[in-house]
1. Yes or no: region 30-37 includes at least one residue that is touching a residue at least 40 places away in the same chain (Cβ under 8 Å) and either of a type outside the set (S, T, N, Q) or surrounded by 10 or more Cβ atoms within 10 Å (Cβ to Cβ) (or both).
2. Looking only at residues in region 18-65 that are of a type in the set (D, E, K, R) and part of a loop (DSSP other than H, G, I, E, B), which one is nearest to residue 8 (Cα to Cα)?
3. Does region 21-29 contain at least one residue that is small (Gly, Ala, Ser), touching a residue at least 24 places away in the same chain (Cβ under 8 Å) and at positive phi?
4. Given 57, 40, which one is within 12 Å of the chain's Cα centre (by Cα), surrounded by 12 or more Cβ atoms within 10 Å (Cβ to Cβ) and modelled with pLDDT under 95?
5. When you scan region 4-20, how many residues do you find that are of a type in the set (A, V, I, L, M, F, W, C) and either in contact with a Leu (Cβ under 6 Å, 6 or more places away or on another chain) or touching a residue at least 40 places away in the same chain (Cβ under 8 Å) (or both)?
6. When you check residue 65 against the structure, is it aliphatic (A, V, I, L, M) and either in contact with a Gly (Cβ under 6 Å, 6 or more places away or on another chain) or at pLDDT 95 or above (or both), yes or no?
Amino acid sequence: MAYKHTNSKGVTYILHSKERITSTGKKASLFFFAKEEKEGALDAVPAGYVVSETSNGLLVLKKAA
């Protein structure tokens, strides 16, 4: 089951991840929220990250302090 989070405006978003290869050849994980479940949906927030909300209601992942 995909991880869902509802923002302060009542809109529910689903957490996704994509693997990319950088120009130097390293793998990088990109995390993003979408309104619909797509390929790459995650079951939980990755270890070391927390969900935060911007002032306009967008959800972002931040590294835990």
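The values are calculated or read from the model by the stated rules, or taken from the named source; none is laboratory data. It should be emphasised that the depicted structure is a prediction, and the values quoted were computed from it without experimental measurement. Cβ placement follows ideal geometry from the backbone for every residue including glycine, while neighbour counts extend to all protein chains displayed.
1. No, the conditions are met nowhere in region 30-37.
2. Kept after step one, since they are of a type in the set (D, E, K, R), are these residues of region 18-65: 18-20, 26-27, 35-39, 43, 53, 62-63.
Subsequent filtering for residues that are part of a loop (DSSP other than H, G, I, E, B) retains 26, 35-39, 43.
Values: 26: 36, 35: 15, 36: 18, 37: 20, 38: 23, 39: 26, 43: 21 Å.
If we take residues in region 18-65 being of a type in the set (D, E, K, R) and part of a loop (DSSP other than H, G, I, E, B), then 35 is nearest to residue 8 (Cα to Cα).
3. Residues of region 21-29 that are small (Gly, Ala, Ser), as a first pass: 23, 25, 28-29.
Next cut, touching a residue at least 24 places away in the same chain (Cβ under 8 Å) only: none.
Taking every residue of region 21-29 in turn, none turns out to be small (Gly, Ala, Ser), touching a residue at least 24 places away in the same chain (Cβ under 8 Å) and at positive phi.
4. 40 is the lone residue from the list that is within 12 Å of the chain's Cα centre (by Cα), surrounded by 12 or more Cβ atoms within 10 Å (Cβ to Cβ) and modelled with pLDDT under 95.
5. Of the residues in that region, 2 qualify.
6. Considered against the rule, which asks whether it is aliphatic (A, V, I, L, M) and either in contact with a Gly (Cβ under 6 Å, 6 or more places away or on another chain) or at pLDDT 95 or above (or both), residue 65 comes out as no.
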